[in-house]
Amino acid sequence: MIDRRRFFQGVYRLPFLGAVVPPALAAPAERNFYTELGVRPIINGAGVYTMFTGCLMRPEVVKAIQAMSTRFVRLTELHDAVGKRIAGLLGCEAAMVPSGAAAALTLGTAACMTGTDPELIRRIPDSTGMKNEVIIQKSHRFPYDHMVRNCGIRMIEVETREELERAISPRTALLLFLNKAEPQGQVKMEEFIALGKRRGIPTFNDAAADIPPLENLTRPIKLGFDLIAVSGGKGIRGPQSAGLLLGRKHLIEAARLNTAPYSDTMGRSCKVNKEELVGMMVALESFLKEDHASLYKEWERRVAAMSRQVSKVPGVRAEPFVPRIANQVPHLRVEWDPSRIRLTPKELMQRLRDGEPSIELVPEPSTGVEIASWMLQPGEAEIVGRRIREILSQG
Ligand SMILES: *Cc1c(COP(=O)(O)O)cnc(C)c1O
């Protein structure tokens, strides 16, 4: 209050303003950051993409963040408690919350290299003399494996089970698996895990974007991966800067020692605070309680609504589809006869982006344009369908 009074006194003293009537002595109107900053909100027909800010947090997550923001705690104590709760919910040995699945990859890798040895933890990413090789199937290589390479490791690519066996050496830190790439690789989960166990080498699975459905997480847990990385800010709808690292107790303990609150660690930058910790936990609780079947029906309804709209345009085909794994939720693909509608998919996407409201679709569709249903908000499927119909009708 004092601040506001001072502010207005300041205003009154400015001579050129004359007698200014203070505009908002009553409760100030909520700030509209979008207009203030000139940043347009978008309709998200793309899905969970970091460049489009991932997901919208569940309201109870925002409440938890607010509730946690007014007191201090001992960070390690909260980390312990939240980790224990999450491990209990998912039926794994141990768990922690890093600042995303990307951070989970770094911390999990570091854990396999350093264990709890303070000397090694300080030294990494200089990995001289440590186990510093990670074996991965060629078809599983992915951009995020950079987070693994952050630890000063070398990637060894293999294709067959025999090559995998032969690549294992005393320098092998872990065997890395990309959950969604299972169909492309020759070595499937069961065999991969069995091999790791037989040779005493941790197996690490990145399942960041693969839930829902929940089975994509429970299966790798049950089969016995030693580490699993999951995004918090995708299908679980927790904080965008949170994730899950699940796995063996000694590895989670080692991963924890490789990040905040410890300063002299490589993973110090993977910090989460009390708000993300509890926000992530609450998001997971809600996700596990959610009625997934009726949510799925709602997504299908949105796809059908968009399909009806765009199919009205002559020469346009709309086809519902569900990606096989990762973002395994109802989508719509829209294609058209280029001799009747002289517009490329990229041009349609640009017009949607430039229009009002601004709309984003799946950034790199396999063909035509693709719309993900699950991050749309109430009423938005109808808007997206109408806008696409309007633009395609104008050709
Ligand atoms: C999204 C994604 C990540 C990164 O997840 P964040 O939670 O954003 O850090 C890592 N791996 C895969 C396969 C992903 O899809």
*Do the conditions hold for residue 269, that is, is it open to solvent by 50 Å² or more (accessible area, probe 1.4 Å), closer than 24 Å to residue 134 by Cα and of a type in the set (Ser, Thr, Tyr)?*
yes
_Unique residue being modelled with pLDDT of 95 or more, of a type in the set (Ser, Thr, Tyr) and part of a helix (DSSP H, G or I) when the list is 116, 109_ = 109
*Which one of these is open to solvent by less than 20 Å² (accessible area, probe 1.4 Å) and either within 14 Å of the ligand (Cβ to nearest atom) or not assigned by TED's automatic domain parsing to the domain that holds residue 122 (or both): 260, 242?*
242
*How many of the residues making up the range 326-364 are open to solvent by less than 30 Å² (accessible area, probe 1.4 Å) and not aliphatic (A, V, I, L, M)?*
6
*modelled with pLDDT of 95 or more, loosely packed, with under 14 Cβ neighbours inside 10 Å and in contact with an Asp or Glu (Cβ under 7 Å, 6 or more places away or on another chain) - does that describe any residue in the range 124-134?*
no
*Candidate set: the range 291-325, residues that are farther than 17 Å from residue 368 by Cβ and outside any helix (DSSP H, G or I); chosen: the one most open to solvent (accessible area, probe 1.4 Å)*: 324
*Return the only residue of 114, 76, 109 being within 23 Å of residue 188 (Cα to Cα), of a type in the set (Ser, Thr, Tyr) and not assigned by TED's automatic domain parsing to the domain that holds residue 376.*
109
*Filter the range 43-96 for residues that are acidic (Asp, Glu) and under 17 Å from residue 280 (Cα atoms); which is farthest from the chain's Cα centre (by Cα)?*
77
*Just wondering, is there one or more residues in the range 181-192 that are among the hydrophobic types (A, V, I, L, M, F, W, C), without any contact (Cβ under 8 Å) to a residue 40 or more places away in the chain and more than 20 Å from residue 109 (Cβ to Cβ)?*
no
*Yes/no for residue 41 being out of contact with any helix residue (DSSP H, G or I) (no Cβ under 8 Å at 6 or more places or on another chain) and open to solvent by 70 Å² or more (accessible area, probe 1.4 Å)*: no
*When the residues of the range 215-239 are filtered to those that are in contact with a helix residue (DSSP H, G or I) (Cβ under 7 Å, 6 or more places away or on another chain) and part of a loop (DSSP other than H, G, I, E, B), which remaining residue is farthest from the ligand (Cβ to nearest atom)?*
224
*Filter the helices (runs of 4 or more DSSP H) completely within the range 136-210 down to those with at least 1 residues that are open to solvent by 30 Å² or more (accessible area, probe 1.4 Å) and within 15 Å of the ligand (Cβ to nearest atom).*
146-149
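The values are calculated or read from the model by the stated rules, or taken from the named source; none is laboratory data. What you see is a predicted model; the values in this text were computed from it and never measured. For neighbour counting, all protein chains shown are included, and Cβ atoms are generated from backbone atoms with ideal geometry for every residue, glycine included. Side chains included, ligands, DNA and RNA excluded: accessible areas come from the protein's heavy atoms. Shrake-Rupley method; radii C 1.70, N 1.55, O 1.52, S 1.80 Å.
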